[in-house]
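Data block below; observations after.
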Amino acid sequence: MAVTKNTSAIKNPPKHLLGIQNLSIQEAKKILEEAKAFIKLNRSSSKKLDILRGKTQINLFFEPSTRTQSSFDLAGKRLGADVMSMNMATSALSKGETIMDTAMTLNAMHPDVIVIRHQDSGAPNLLSQKVNCTVINAGDGRREHPTQALLDALTIINRKGKIEGLKIAICGDILHSRVARSNIYLMTMLGAEVNVIAPKTLMPSSVEKLGVKSFTDMKKGLDGCDIVMMLRLQNERMQGTFLPSKREYYEFFGLTPEKLKYASKDALIMHPGPMNRGVEIDTKLADDINVSLVKEQVELGVAVRMACLKLYCK
Amino acid sequence: MSEKILINARIIDPSQNMDEKGSVIIDSNGKIKSIGKNIKQKDASSKAEIIDIKNNILIPGIIDMKAFVGEPGYEYKENFRTLTQAALAGGVTSIVTMPNTKPLIDNVSMVDFIIRRGRDKSSINLYPCATLTRELSGTQMSEFGLLSAKGIIGFSDVTKTIQNTETMAKIMDYASDLGVLIMQHAEDFDLSKNGCINEGEVSTRLGLGGISYIAEKIIIERDLTLLDEFPCRYHINQISSKQSLGVIEQNKQKGKKFSVGVSINNLSLNENDIGDFKTFLKLSPPLRLEEDRIALVEGIKSGLIDVIVSDHRPEDEESKRLPFAQAAVGSIGIETLLPLALELYHNESLTLNKIIETLTCNPAKILKIKKGTLKVGSDADICVFDLNTPWVVKAENLKSKSKNTAIEDRKLQGKVMMTFLNGNLAYKI
């Protein structure tokens with residue numbers, strides 16, 4: 001038995017989606033192409049396919065999540081997989097079991113894909129070394145959130161037709177943001193020019209080496225941008241003092257209709273959620289369907305995750 | 001024990017500026033009787049045991065100023081027996097052991113225990129450190145006088161730094177009177193908190209908290225300022241950045257007396273080697289940029305850095321097989337200390353003499369011990385190595401109980417062939 005299993009593992013090692021950094025441009029485009037087909041399906045009344053029938057998907061969430069977890073949940077179900085979501089905040093991990101023990105336990109149940117979110121950067125990489133199924137990263141620490149970047153790309157393509165040649169601003173708490181990192185890698189790979197805007201204390205070290213320009217001034221950073229991605233202030237990850245106050249932050253870095261005028265006149269706003277209204281974004285702006293893509297991002301998120309599951313969980 | 005003569009050796013002993021082909025005669029008490037190019041086989045007694053060194057290099061036994069034993073409390077990571085085997089296989093004959101065991105070496109009865117235990121279980125020379133502050137609290141200084149009288153060689157909080165400037169000033173003031181050696185780990189914890197690797201592009205890409213070079217530099221600057229007022233025997237365990245080196249240079253130019261160490265890891269690796277979250281390369285101080293590594297090598301060359309240490313920190317697999325931020329810090333290295341240092345000779349960064357100096361007579365000078373030399377009359381602690389043997393590091397072949405080497409699969413050139421302790425052959429390949 002063991003021999004057969006080993007041979008098959010060598011023949012067909014599982015593919016993992018650990019981050020945009022490990023992705024080739026062809027792979028990224030293939031996911032986006034695949035996802036386009038699912039947009040229509042998700043809007044129809046009959047949404048169920050049987051592509052993943054008989055497959056088992058485990059959602060292993062070590063950090064609380066609403067939209068990503070439900071999005072992966074729905075995506076798996078719509079493809080016909082059996083989906084189990086585990087909220088690890090309340091499980092054996094609090095009894096002292098390590099992430100590796102948990103992984104091995106679940107691995108013994110022969111899942112076909114594990115979708116993991118973890119507060120530590122690199123946790124999905126570690127997991128992927130130890131299990132013999134596909135691992136999909138649903139966000140690790142401040143490192144990567146690949147499906148978020150992919151859904152952002154799909155949303156932009158859906159509205160603007162392309163990414164190449166666009167100017168994209170990512171604004172806010174870049175330091176603590178995995179969304180920012182994945183988006184930087186993906187958008188630059190797909191040919192966009194990326195500006196990151198943040199107060200100096202929330203800007204990661206050597207960020208320019210990732211191929212972006214960095215700004216501390218919204219006016220300069222937003223100049224001519226087609227897309228403005230706002231990020232949440234991740235207070236839960238902040239230890240020590242980074243900012244004087246939320247009020248001062250909003251004054252200089254909060255997106256208001258006035259500041260949006262610095263960007264290109266048909267600029268669109270994105271936000272990965274959850275939003276702190278009145279901290280990083282003006283509440284009316286966030287709900288303005290003419291400029292805000294927030295709802296569309298959530299909608300297309302399901303399509304992107306379906307595409308990822310389909311392509312990686314064979 | 002009978003007299004021995006080691007013939008056909010290339011003897012390198014920086015303590016007496018010796019680099020020559022010759023022989024060494026070891027007397028029946030395990031001391032060096034005579035040494036050098038003029039010694040012939042006939043100078044030894046007729047009964048003397050003859051050992052052919054076969055033109056390999058013969059140097060004083062290596063002194064490693066920073067290694068962790070594991071006893072008491074962490075025997076599952078390393079014990080005296082396994083550490084000794086690893087050390088001898090690396091040509092190391094003297095070790096300064098770190099006090100962060102469980103319980104800590106911070107009181108007189110623990111010193112008695114550790115010395116007795118070391119004597120029973122280990123054949124090499126062990127020089128135990130005690131903690132700089134009681135319970136590693138960083139507040140109450142240890143009993144320097146009483147502990148020194150019991151045989152403690154120096155005082156260090158190992159991975160912790162005295163954060164409070166007043167406490168550090170008092171420690172240095174008190175220590176200057178007693179003449180005890182203070183060994184500081186330089187890291188400002190407020191600046192380094194949440195960090196686990198060098199702050200820069202790699203930490204940004206891996207999404208890990210970074211430790212800026214400032215955390216190290218600022219403590220060195222503070223301590224060297226205090227040293228003006230309180231001239232104690234002060235040693236910085238390990239430095240990692242070119243900025244720290246800059247501060248050291250300025251202060252040494254002013255004539256201040258202190259000593260500096262560096263880990264072989266920081267001389268041989270940089271932050272890019274961490275790759276895809278290799279936790280065995282999670283070190284403290286962290287691996288930094290290639291330009292820092294080059295600066296540190298230059299620091300050895302110019303004499304700003306006095307010693308190279310292994311910073312041997314055995315960790316079991318469980319404490320390393322965790323997400324990077326949670327994984328334990330450190331790597332083993334005592335067995336590969338010399339072979340990895342020889343890489344710096346083979347790539348023409350340093351001379352052999354310089355490398356050996358930092359591993360033998362320099363640490364002896366700092367520690368004020370009669371080791372690290374082959375002068376007539378000294379203990380015949382000797383390491384013999386082949387400069388050119390190529391080999392590949394495989395954790396499974398290393399003698400340490402823990403297998404967390406930072407240089408798995410590295411191709412090295414040069415290997416220890418024999419190690420003598422007090423004239424006795426204690427290791428042979």
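The values are calculated or read from the model by the stated rules, or taken from the named source; none is laboratory data. From a predicted model like this one, the values you see are computed outputs, not experimental measurements. Don't worry about glycine lacking a Cβ; one is built from the backbone with ideal geometry, like all the others, and counts go over all protein chains shown. In case anyone asks, the SASA skips ligands and DNA or RNA and just uses the protein heavy atoms, side chains included. Shrake-Rupley method; radii C 1.70, N 1.55, O 1.52, S 1.80 Å.
Observations on the model:
- Sorting the segments B:321-333, A:176-188, B:161-173, B:70-82 by their mean number of nearby beta carbons within 10 angstrom, highest to lowest, gives A:176-188, B:321-333, B:70-82, B:161-173.
- Over all pairs of different C-alpha atoms, the range B:219-284 has a mean inverse distance whose reciprocal, the Kirkwood radius, equals 13.5 Å.
- Computed over chain A, relative contact order equals 20 percent, with contacts defined as Cα pairs under 8 Å that lie 6+ residues apart.
- Take the Cβ atoms of residue B:81 and residue A:84, set R0 to 56 Å, and the FRET efficiency comes out at 0.70.
- Given A:162/A:213; B:170/B:370; B:150/B:368; B:354/B:415; A:48/A:162, the pairs whose alpha carbons are separated by over 24 Å: B:170/B:370; A:48/A:162
- At q = 0.09 Å⁻¹, base-10 log of I(q)/I(0) for chain A (Debye sum, equal scatterers on each alpha carbon): -0.46
- Of all DSSP bridge pairs formed entirely within chain B, close to 50 percent run antiparallel.
- Seen from a random direction on average, the alpha-carbon convex hull of the protein assembly as shown projects onto 36.2 square nanometres.
- Centre separation in Å (Cα based) which lies between the range B:142-201 and the range A:10-78: 52 Å
- Highest-MSF residue in chain A out of A:26, A:119, A:69 [GNM, Cα springs under 10 Å]: A:26
- 1.4 Å probe, heavy atoms, protein only - residues of the range A:198-219 losing at least 30 Å² accessible area vs chain alone: A:205, A:209, A:210
- Based on alpha-carbon atoms, the Kirkwood radius and the radius of gyration of the range B:243-351 give Rg/Rh equal to 1.00.
- Within the range B:6-158, the proportion of C-alpha pairs whose separation exceeds 24 Å stands at 47%.
- Whole-number percent relative contact order across chain B, with pairs defined as alpha carbons under 8 Å at least 6 apart: 20 percent
- Considering only alpha-carbon pairs that sit under 8 angstrom and 6 or more positions apart, the relative contact order computed for the range B:231-270 is 58 percent.
- Helix-only mean residue ellipticity at 222 nm for chain B, each DSSP H run of n ≥ 4 adding -39500 (n - 2.57), per residue, nearest 500: -8500 deg cm²/dmol
- Taking each DSSP H run with n ≥ 4 as -39500 (n - 2.57) and averaging over every residue of chain A yields -12000 deg cm²/dmol at 222 nm.
- Residue-normalised accessible area of the range A:171-243, given per residue in Å² at a 1.4 Å probe: 35 Å²
- FRET efficiency estimate (nearest 0.05) - Cβ-Cβ, residue A:314 to residue B:387, R0 45 angstrom: 0.25
- If you wrap the Cα atoms of the range A:250-314 in a convex hull and average its projected area over all directions, you get 5.4 nm².
- Note on the range B:152-297: Rg/Rh from C-alpha atoms, Kirkwood Rh, equals 0.99.
- The range B:336-382: mean projected area of Cα convex hull, nm²: 3.6 nm²
- Looking at chain A, the DSSP beta bridges with both ends there are about 5 percent antiparallel.
- Inter-probe distance in nm under a simple model that places probes 7 Å from Cα toward Cβ, at residue A:24 and residue B:394: 3.3 nm
- For the protein assembly as shown, carbon and sulfur atoms together expose 49% of the accessible surface, with a 1.4 angstrom probe and every protein chain in place.
- A crude spin-label estimate for the pair residue B:21 and residue B:178, with each label 7 Å from Cα along the Cβ direction, gives 5.2 nm.
- Proportion of all alpha-carbon pairs of the range B:161-216 beyond 14 Å (%): 62 percent
- Volume of the Cα convex hull of the range B:79-178, divided per residue and given in Å³: 98 Å³
- By the Stokes-Einstein formula, at 1.567 mPa s and 4 °C, chain B with its Kirkwood radius over alpha-carbon pairs has D equal to 60 µm²/s.
- If you plug the beta carbon distance of residue A:36 and residue A:247 into 1/(1 + (r/R0)^6) with R0 = 60 Å, you get a FRET efficiency near 0.90.
- Ellipsoid semi-axes for the range A:76-221, based on the Cα gyration tensor and the rule √(5λ), read 34, 19, 12 Å when sorted largest first.
- Rg/Rh ratio calculated on Cα atoms of the range B:288-373 (Kirkwood radius): 1.05
- Average accessible area per residue (Å²) across chain B - probe 1.4 Å, nucleic acids and ligands excluded: 38 Å²
- Mean per-residue shielding of peptide A:133-144 is 2, counting Cβ atoms of other chains within 10 Å of each Cβ.
- Placing dummy labels 7 Å off each Cα toward the beta-carbon, the span from residue B:428 to residue A:46 is 8.4 nm.
- Pairs exceeding a 26 Å alpha-carbon distance, out of B:66/B:278; B:257/B:301; A:40/A:310; B:121/B:428: none at all.
- Between B:29, B:270, B:100, the residue with the greatest mean-square fluctuation in the GNM of chain B (Cα pairs under 10 Å linked by springs) is B:29.
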